[in-house]
1. If the cut-off is a Cα-Cα distance under 18 Å, which aspartates and glutamates reach residue B:466, setting aside same-chain residues fewer than 8 apart in sequence?
2. Once you place label points 7 Å from the Cα toward the Cβ at residue B:511 and residue B:112, how far apart are they in nm?
3. List the residues whose amide H sits under 5 Å from the amide H of residue B:468, counting only those 5 or more places along or on another chain, with H placed 1.01 Å from N in the peptide plane.
4. Efficiency by 1/(1 + (r/R0)^6): what FRET value for residue B:466 and residue B:279, r their Cβ-Cβ distance, R0 = 51 Å, to the nearest 0.05?
5. What is the sum of charges, Lys and Arg at +1 and Asp and Glu at -1, for the other residues whose Cβ falls under 10 Å from the Cβ of residue B:146?
6. Quick check on the exposure proxy: order B:186, B:85 from fewest to most C-beta atoms within 10 angstrom.
7. Could you name the lysines in cross-link range of residue B:59, using Cα to Cα under 16 Å and dropping any fewer than eight places away on the same chain?
8. Using a 10 Å cut-off around each Cβ, can you sort B:214, B:364, B:497 from fewest to most neighbouring Cβ atoms?
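Values in this text are rule-based calculations from the coordinates and carry no lab data. Everything quoted here is computed from the prediction, not taken from an experiment. Every residue, glycine as well, gets a Cβ built from its backbone with ideal geometry; the counts of neighbours run over all protein chains shown.
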Amino acid sequence: MPFFVCLLQSTLPATMAAMVPFVLAALFILFSISLYNNLVRSRVRTREAWSGIDVQLKRRASLIPNLVQTVQGYATHEHAVFSEVAAARGALAKATGPAASAAADGFLTQALGKLMAVAEAYPALQAAANFAQLQSELSDTEEKIAYARQFYNVNAMNYNTRIASFPGNILAGMFRFEPVTFFEADPSVHQDVQVSFAAKA
Amino acid sequence: MATTVTQPVLVYDRIAQNQRKSIFLVIIAILAIVPFVGGLSYGAAEYTIARFGHHVMSKAEEQRIYQLMTTREPGALRDEYDSEMDRELKQEFAKLQQAREDNDQLRWKVTTVFALAVLGVLGLLFWSLASSPVSSVLAMCGARPSGPPEAEARRLLENLAIGAGLPTPKLYVIDSPLPNAFAAGMDPSRSVVAVTQGLLTLLDHRELEGVLAHEISHIGNRDTRLNTVVTSIALFLRLPYLLRQKYLREQRAAGGDWNPIPSRFRAPYTIVMLPIFLYVFFVAPLVAAVIRAAISRSREYLADADAALLTRYPEGLLRALAKVGGCGSANSGANSVIAHLYFSDPARQGGLMSLLTGSLLATHPPIEHRIKRLMEFNGGVPISLLEEAARTGKAFAKNHPALTQLGMADTSGHDELGAFTSGSPMGRVFRILSASPIYDEPDMKSRVVARASAGDLLVVFDDPGKFRQVLTHDSTFGYMPNTIKMKRVDMMPAEIHDPAARAAAAEVHEQVQAVSAAAASGGGLTGTQLAITAGFGIVVFAGIFFALLKFGGS
């Protein structure tokens, strides 16, 4: 026992001193790994949240042909509105990325607003059970888009804050973590889309 | 309602503040266990040494005697005999020294083992609380799965779950006119939200959205898990008290002398033990209860703030709170075991006790305070609107008198231990593993009313004896021998009549079968359960080993 204690006492300080750099290096590496993993997790979550919006946008787009068909059954002469809705739907299907999709989505909302305004002029259409059901489904989807958008934006904000603030920004620079855009309709983009539509129509 | 609106507060700041507070409180709760476990273990160690250890006198005493016997007059004559005696004395004292060291070692070992065992008990408490299925909570308050009339509420819940990034919880309805709601479940994928019929009738669309957002936030914040941790700590610190009460009840019922201490020792014994009694039976449980309530309150504020952030419409929750507050959902017949789960505190005590302990032991903050905090996010809500809502709630309460036997009746026995020991009067769902006839009477010779094949679901009622009372999914009631093997299914008794729920349970069953076949590990225990069991086994084994090592030889 005393021999063992002596051994410990004699070598302990020297061993400790030799180990300090290694321990520090190990801690630094572990910290970096966990930081990197956190960044990756945050990015994956943001993408997952984006796919949540995408699902709802697709669901909304899939409701539109039925809706247009139903309205067409009653209001046969409103070609301008129908083609506007169709164009908006096409633009939404083609749009990629949050900003473009948000702009296209805002554009579709406007077109649908016009369609609903047209529908109001036809009482028979208003009374149709099919139309009422489509309308409620559409409004439910819109609500879901709003919530999915909120979840995405919260995640995007967290991710953007993480890659912009120290020490995440160092790793983000090394491994090319790009900031993501929020899902919100930028007024200027919105205008552009409308102009391009006007040219097409 | 005199609510003064102070400076607007950012909802993010409020959320961060609430989270800091919860962490702080949890640390305090954990620190509260330390003196309890340490004291108990040290006491046990002292007892063990007094009983089995070497007998030693105090160190000072020993020193004094040693000094006395070894000091000589200066210049005194030393002969052979004297030095011989000196040597013997020194040997004697060396032995004494050794004995003291042995005792010290023994004390440390016993303290460690005992502390580990006591912590093992805490772990077991947590385990049994955590693994008690959600369905038992739902059955306890008489909830049923939501149907077509609640489609709107389900839709709201689904949307909110999208917003919070959580799997959509199942919605259950309690047929009670008192407006209330709760969320339960240890992890989000298996969580449920239950609302009362009264809540669905009283609140409009936006208000209901606010309440559901509050419950979803509880799920997102893993509040059930936190609550289970804190509850098991509180129960752990109350355990000596509860066991003592149980012991006294049983002794009195048996008509025996309840006090094991002979009557002439009682007074001195009580005086000596008074500080310990005070601490074990009074201070520790009280501290635990106060901390538990404080954590619960802070989580309520947090869920309110999260709900405001989730809906971006604090006014809905504000109006809902005002309505529920006006209705006064505090009723006496509520179940205290699940009180902390509810949207607003259903177990508020009346009378003097509530004046003394009401604010410290309440699991929910007063509704006025919650309204005030929510107003800080959104000062634009006119007071008149809330007053109007409170009036609506009051009118609702007048038109829908609370029936205490409905819904939230207390079926769990008279104390917290009852939740572990008593059976469920509503029956529990089991899957039968081999085919068996169901008899008309608890007798093998009686008429067979039905035949259950392997894999059928049955509601089984607790019945001591050779037969079980069972109810099949087509409502046939009968008896079945106790020898038939069965497996617990996490389902509500009412659900086995629903083909969809049966199919869902069968699917889960298949999955479990597949998994356990692949893993080929027996017992039907999960990894965590196995780990806890193994840990506990090791602790007990180590205790026995040390005891044998120590006392076997001497």
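1. Residue B:466 reaches B:440, B:441, B:443.
2. 4.3 nm
3. B:480, B:482
4. 0.60
5. Summing Lys/Arg as +1 and Asp/Glu as -1 gives +2.
6. The fewest-first ordering by Cβ neighbours comes to B:85, B:186.
7. B:90, B:95
8. B:497, B:364, B:214
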